[in-house]
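Have a look at the structure below, then the notes.
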Amino acid sequence: MELSGITAILGGEEVLHKKIQSQMDLIELSQVGIPKDALVNLAKYLSFTIRQIAQLLPVTERTIQRYTSQKHFNRIVSEQILYIAQVAAKGTEVFGEKDQFLLWMNHPNKALANQTPMSLLPSRFGVEMVLDELGRIE
């Protein structure tokens, strides 16, 4: 479910031009690059503005705004987008609904040194901590 959830969160096969079925698909997508439309879908899923999603990525808001809808991000930005989408898919799966997951993401968590899970997403290490905590909750 988690991998198909990533596809859905990023806008489906129409946006990605690929269905994510394995970890290898994630590697291939990061190498090709994630299109801006997929990032916009992720931001909508998280109820974020472009400014808010840019704070989680190694790219500026202005750069995102300049991209056309089909332009692809580089590998580093694409990987971070995929990590965040993976957290969203896993969290929605664990909590059973998006609203409960988003509520959890925005509240301090003792297991994460009283940080909100959302505040850890700019770092790959933070993403791993959030995924580990979701695994424990599951």
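The values are calculated or read from the model by the stated rules, or taken from the named source; none is laboratory data. None of these values were measured; they are calculated from a predicted model. Every residue, glycine among them, receives a Cβ derived from its backbone with ideal geometry; neighbour counts consider all protein chains shown. Side chains are part of the model used for accessible areas, which takes the heavy atoms of the whole protein and leaves out ligands, DNA and RNA. Shrake-Rupley method; radii C 1.70, N 1.55, O 1.52, S 1.80 Å.
Under a point spin-label approximation (7 Å from Cα along Cα-to-Cβ), what is the R66-Q31 distance to one decimal in nm?
Roughly 2.8 nm, to one decimal.
Which far-off residues, 5 or more places away or on another chain, put their amide H under 5 Å from the one on Q115, with H placed in the peptide plane?
Correct list: N109.
Taking K and R as +1 and D and E as -1, what net charge do the other residues with C-beta under 10 Å from the C-beta of I9 add up to?
Once all neighbours under 10 Å are counted, the net charge is +2.
Please build a GNM for the chain, connecting alpha carbons under 10 Å apart, and tell me which residue among T116, T63, T92 fluctuates the most.
Between T116, T63, T92, it is T63 that shows the largest mean-square fluctuation.
What residue among L103, L46, L120 has the largest mean-square fluctuation in a Gaussian network model of the chain, using Cα springs under 10 Å?
Of the options given, L103 has the highest mean-square fluctuation.
With a probe of 1.4 Å, find how much accessible area segment 72-111 has per residue, and write the answer as a whole number in Å².
Numbers: 1900 Å² over 40 residues.
Averaged over the residues of segment 72-111, the accessible area is 48 Å².
Could you state the angle between the C-alpha long axis of helix 23-32 and the longest principal axis of the C-alpha atoms of the chain, as a value from 0 to 90 degrees rounded to the nearest 10?
50 degrees
Among Q55, Q23, Q115, which one moves the most in a GNM of the chain with springs linking Cα atoms closer than 10 Å?
Q23
Here are a few candidate values for Cα extents along the principal axes in Å: (1) 46, 42, 24; (2) 51, 22, 21; (3) 40, 32, 24. Which one was actually calculated from the structure I just gave you?
Computed from these coordinates, Cα extents along the principal axes in Å corresponds to label (3).
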